[in-house]
Every structure is written in C-alpha cells, then in structure tokens.
Amino acid sequence: MYCIGIDAHKSNASITVMDDIGNIVEKLKVPNSIEVWNNFSAKYLSDKPKIAIESSTAGKYLAKLLRDFGFEIHLANPKELKIIFKSNKKTDMRDAIGLAKLLRLGELPESYLPSEDIDSIRTLVRYRKSLGKELIIIKNKIHALLTINGIIIKGTDIFGKRGLRTILEHLEKLSEIERIVLDDLLSRLNDITKRIEEIENNLARIGKEIESVKLLMSFPGIDFYTAIGIYAEIGEITRFPDKDHFASYTGLVPKVDQSGERDVHGKITKQGPSLLRFFLVNSAHTLIKLSLTF
C-alpha cells in the first residue's frame with residue numbers, strides 16, 4: 001500500500017508517493033486544480049493509498065475533495081508538525097516527504113476531519129460566534145460614546161427597547177458628528193442582531209433533527225445554541241476510546257510535568273478547539289448560577 005504526503009497551498013501542491021518499505025516512488029509539484037486531482041484520482045485510487053495532508057485552509061479543502069473521491073485521508077495537526085519538522089532547510093517537498101514517512105510509520109499527529117454535515121454546522125456556529133464578537137465591539141463603542149458625554153443609562157440591558165429609547169432621548173448632549181457616529185453604530189447593532197437571529201433560527205432547525213443535540217439540551221445550563229455548538233466541535237463522540245481521551249481533546253485538563261519523583265500539574269493545556277472550551281465553560285458557569293437559585 002502506498003502512503004502519500006501532500007503539502008497543499010492555494011496555487012500548487014507538492015506530492016510524495018512512498019511504498020510500504022519507505023522507498024519514494026514519485027515526487028512531483030502540481031497546480032492545485034480540480035483537473036489535476038481528477039487525474040491524480042484516476043492514477044492512484046485503485047491502489048487504495050493512505051494520504052496525509054496538513055490541516056491548513058488549502059489542505060482542508062483538498063482533504064475533503066480527495067475524501068469525496070474515495071481516498072483514505074489523514075489530516076495532520078499543524079502545531080505538532082511544526083515541532084517535528086523544525087529544520088533550517090524547510091521546503092514544500094521536504095514537508096510532503098515527511099508527511100508520507102510519518103503516515104507510513106503510524107506516527108502522524110492527526111487532526112479531526114469532520115463529515116460534510118458536521119462541517120456545515122461548524123461553519124454556521126463559528127459564524128454565529130464571530131457575529132457575537134462584532135456585536136460586543138459595537139456595544140463597547142456605544143458605551144464609550146455615551147460615557148464620554150456623561151450619559152448614564154440605568155438598566156440591566158441598555159440595548160433593549162426601553163434602553164434604546166432612553167439613549168435617543170439624550171441625543172441633544174452629543175455633537176453633530178457624535179450623533180452621526182451613534183446613528184451608524186445603532187444601525188449596525190440592529191443589523192447584526194437580526195443576522196444573529198437568522199443564523200440561530202437555522203441552527204435550531206438543523207439541531208431539532210439531531211438526537212445528540214436533543215440529549216445535550218436535557219442537561220441544565222445548555223441551550224440549543226450551546227448544544228449544537230458542542231456537537232459540532234466534538235463530531236462523532238465514538239471516535240474517543242474513553243473519557244480521558246475526550247477530556248484531553250477539550251484542552252481542559254492540566255499540563256503534567258513528570259520526571260522521576262517530580263510530578264507537577266500546571267494550567268490547562270488549551271489543546272483542541274477553543275470554541276468547544278468556550279461552550280463547556282459557559283455551560284458550567286450557567287449551571288453554577290442555576291444551582292445558587294435553588
């Protein structure tokens with residue numbers, strides 16, 4: 001069986017084909033185009049090779065494309081590869097050779113390649129998260145603009161209907177330019193809020209058909225957005241052999257430094273998806289607040 005390493009970039013890719021005893025059968029650099037990969041598939045698919053591709057933007061696209069063709073794809077973790085491939089002579093072809101060699105030896109540090117359905121949900125969830133970040137930035141700018149003019153709006157949510165009406169009642173305290181800026185910020189706030197609502201409606205529609213999402217929502221502190229976010233970041237839970245492997249994937253376990261009788265546990269590793277940690281930690285905080293009300 002061949003092991004193939006591919007170092008993919010936006011416009012080109014370096015390919016190394018290695019046999020099962022480590023001999024390099026072929027090395028080539030090709031344009032990153034659908035025509036090239038169709039020809040590649042016609043040449044190698046019947047041999048049922050294993051393919052290693054680094055998890056970059058171009059790499060993920062190519063991994064999905066070749067997986068759809070029917071190849072066995074292994075997505076390599078770029079952070080760990082950076083340590084393994086550390087060298088003064090780094091080239092794309094060297095990386096492709098290294099990927100093929102690690103794959104053949106069973107030592108490739110792998111990243112998870114989700115199914116097309118899960119990847120689509122991930123895209124929506126991550127876009128929803130990015131919109132939330134935009135919303136916070138705009139709200140902070142509005143807060144700053146009001147504060148610098150001595151405008152204090154009381155209430156738990158100054159961006160609710162009542163709060164927004166109160167803000168508009170204080171417009172005379174702002175200069176003409178500040179009113180223009182505030183009007184634009186409020187317009188953007190309204191636009192992003194509507195977009196978030198639309199994305200969440202789509203996520204809710206998708207999530208109601210997924211049993212794992214419904215199961216997660218049965219836990220206190222987990223709403224539908226958190227549930228589908230956790231589901232999307234984890235993927236198939238069966239890929240973890242036990243709870244310890246899953247805990248390690250979340251990055252919420254402490255770093256361990258052991259040497260002889262020395263055994264030091266430090267801060268959490270923060271390995272794995274940061275968005276998964278965001279959802280899990282927020283869920284824990286919500287659960288704590290709920291427990292304090294009883």
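The values are calculated or read from the model by the stated rules, or taken from the named source; none is laboratory data. These numbers come from a predicted model, not from an experiment. Glycine also receives a Cβ, built like all others from the backbone with ideal geometry; neighbour counts cover every protein chain displayed. For the accessible areas, the whole protein counts, side chains as well, though only heavy atoms, and no ligand, DNA or RNA atoms are used. Shrake-Rupley method; radii C 1.70, N 1.55, O 1.52, S 1.80 Å.
Brief remarks on what is shown
- Where GluC sites (Glu not before Pro) fall in DSSP loop in the stretch 179-216, at most 13 other Cβ within 10 Å: Glu209
- Estimated purely from DSSP H runs of n ≥ 4, each contributing -39500 (n - 2.57), the mean residue ellipticity at 222 nm for the chain is -18000 deg cm²/dmol once divided by its residues.
- Within the accessible area of the stretch 87-199 (1.4 Å probe), percent carbon and sulfur: 51 percent
- Across the stretch 125-134, computed HN-Hα scalar couplings (Karplus, 6.51 cos²θ - 1.76 cosθ + 1.60, θ = phi - 60°) run 4, 5, 5, 4, 5, 5, 5, x, 5, 4 Hz from first to last residue, x flagging Gly and Pro.
- Accessible-area order (highest first, 1.4 angstrom probe) of the listed residues Phe40, Phe85: Phe85, Phe40
- Residue order for Asp257, Asp119 - accessible surface, 1.4 angstrom probe, largest first: Asp257, Asp119
- Placing R0 at 30 angstrom, the Cβ-Cβ distance between Lys208 and Tyr61 gives a FRET efficiency of 0.50 after rounding to 0.05.
- Residue pairs, from the table Lys133/Lys173; Lys48/Lys79; Lys10/Lys214; Lys29/Lys267; Lys10/Lys86, whose Cα atoms sit over 32 Å apart: Lys10/Lys214; Lys29/Lys267
- With all projection directions averaged, the alpha carbon convex hull of the chain covers 23.7 nm².
- Rounded accessible area of His265 (nearest 10 Å², 1.4 Å probe): 110 Å²
- Residues His285 and Val36, FRET efficiency given R0 of 51 Å [Cβ-Cβ distance, rounded to 0.05]: 0.55
- The P(r) of the stretch 157-241 has a tail past 19 Å containing 58 percent of all C-alpha pairs.
- If the segment from Thr269 to Asp184 were pulled out straight at 0.36 nm per residue, it would be longer than the present Cα-Cα gap by 26.5 nm.
- The slack between Ile21 and Arg126, meaning 0.36 nm per residue of separation minus the straight C-alpha distance, is 33.6 nm.
- Expressed as a whole percent, the accessible surface of the stretch 210-294 that belongs to carbon and sulfur atoms is 61, based on a 1.4 Å probe.
- Helix axis angle, 224-234 relative to the chain longest principal axis, alpha carbon, degrees: 20 degrees
- For the stretch 132-229, the solvent-accessible area of protein heavy atoms averages 66 Å² per residue (probe radius 1.4 Å; ligands and nucleic acids excluded).
- Paramagnetic reach from Glu134 (point 7 Å along Cα→Cβ, amide N under 18 Å) across the stretch 183-211: 183-203
- The stretch 28-83 - percent of accessible surface contributed by carbon and sulfur, probe 1.4 Å: 54 percent
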